[in-house]
Amino acid sequence: MHPTVTEQLDGLRRILAEAVAPEVTAPYPTEILGSVIGALNTLQSNWHAIPAFLRWDIETTSAVLDAAKPLLDAALVAEISAEQAVTDLTELAALDHRQVRMRGLLVKAMPAIRAERGTAYDKMMTLFRERADRFPFAMAFRPPAKKA
């Protein structure tokens with residue numbers, strides 16, 4: 001079926017680049033528009049990688065939380081275990097919701113993980129480094145537009 005998601009994103013990017021950009025002359029809006037066009041280009045190129053990234057992030061965050069369970073109070077362990085029991089991760093919306101929930105649980109567990117600085121801490125730091133490398137929407141820094 002057409003247009004596909006990729007085609008729609010390309011169309012939006014082209015409309016902004018070809019119809020809107022020539023009409024924008026002020027430096028700041030021009031810079032913002034360039035960033036939006038770049039973001040759409042990155043999204044168009046990488047949107048298919050979202051489900052795999054979310055699954056990886058959920059699984060890896062879950063492993064960090066498993067390692068942290070001995071450091072946490074019973075209520076937080078129960079909350080983590082309940083979230084880990086969720087198995088319906090077939091739709092993108094469910095993956096997105098689950099990833100946000102797991103990241104929130106990691107934030108709650110972080111004080112104990114940081115205080116202990118053991119296995120859970122090492123896993124957490126590895127997660128953060130790998131997440132930055134795997135994130136499908138990393139965008140290169142664009143220097144500000146030169147002033148005329």
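Quotient of the Cα radius of gyration of the stretch 49-134 and 2.2 N^0.38 Å, N being its number of residues: 1.05. Projected onto their three principal axes, the Cα atoms of the chain cover extents of 59, 43, 22 Å, largest first.
A straight chain from GLN84 to HIS2 at 0.36 nm per residue would run longer than the Cα-Cα distance by 25.8 nm. When the convex hull of its Cα atoms is viewed from all sides, the stretch 5-48 shows a mean projected area of 2.7 nm².
A full extension of the chain between ASN41 and ALA115 corresponds to an added length of 22.5 nm, given 0.36 nm per residue minus the alpha carbon distance.
The trypsin sites (Lys or Arg not before Pro) found in the stretch 97-126 that occupy coil by DSSP, while having at most 12 further C-beta atoms within 10 Å, are ARG117.
One chain, two ends: ALA93 and ILE50. Fully extended at 0.36 nm per residue, the span grows by 14.4 nm beyond their Cα-Cα distance.
Laboratory data are not the source of any read-out in this text; all were calculated from the coordinates shown. Keep in mind that what you see is a predicted model, and the values were worked out from it rather than measured. Cβ: placed from backbone, ideal geometry, glycine included. Neighbour counts: every protein chain shown.
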